[in-house]
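This report refers to the structure that appears directly beneath it.
The values are calculated or read from the model by the stated rules, or taken from the named source; none is laboratory data. Not measured: the values here are computed from a predicted model. Counting neighbours? That spans all protein chains shown, and the Cβs are built from the backbone with ideal geometry, glycine included. These accessible areas exclude ligands, DNA and RNA; they are computed on the full protein's heavy atoms, side chains included. Shrake-Rupley method; radii C 1.70, N 1.55, O 1.52, S 1.80 Å.
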Amino acid sequence: MAVASSGTATVELPTDEQILITREFDAPRHLVFKAWTTPELVKRWWSGQRGAVTSAEIDLRVGGSWRYVMTSSEGLEVAFHGEYQEIVPDERLVSTEIYEIPDQGDSPPTVNTATFTEADGRTRLEILVQCPSKELRDTIIDSGMEGGMQESMDALEQVAISLA
């Protein structure tokens, strides 16, 4: 079932505990992967148009951690972190993702699998978000993540293209 396709990415719900995000980029996968995994580059795209990234930390190794923090346009701090479980350079990343909920602690972790495939100099990125429950999946979908994700993916494409 497709949830939205108002931008350039699609969001689908393959199962009650999954979200599948698919987006094509007009850039080769090694550049999309580089923009996805380089802190200075993540700072240029991750917040989309909804604020500014104040921190992007990436320890790109199995067992290594990542953490992104942004200040939203409304002045709120938004932070996510996780740990890398599998890394195949330029092809696949598996990591946990945890939302740091202000004054409440951390959300339950999701396991995100990002797969980068290339054809004719273009990259197809598929992100499968495995949630521990339907409730968390629905909370993520209802959070408005789709609009912010569309902006972030558009900015990611621009950063990847600029690296060529």
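Of the trypsin sites (Lys or Arg not before Pro) in region 16-124, the ones in a loop by DSSP (not H, G, I, E or B) with at most 10 other beta carbons within 10 Å are R61. Ranked from largest to smallest solvent-accessible area, with a 1.4 Å probe on the protein heavy atoms, E57, E77, E151 come out as E77, E57, E151. Taking all protein chains into account, the per residue accessible area for the chain stands at 51 Å² (1.4 Å probe). Counting heavy atoms of the protein chains alone, S65 has an accessible area of about 70 Å² for a 1.4 Å probe. Mean-square fluctuation check for the chain, GNM, Cα pairs under 10 Å: which of D154, D120, D16 is largest? Of D154, D120, D16, the most mobile in the Gaussian network model is D120. Expressed as a whole percent, the accessible surface of the chain that belongs to carbon and sulfur atoms is 49, based on a 1.4 Å probe.
Here the chain is treated as an ellipsoid with the same Cα gyration tensor; its semi-axes, largest first and in whole Å, are 22, 19, 17.
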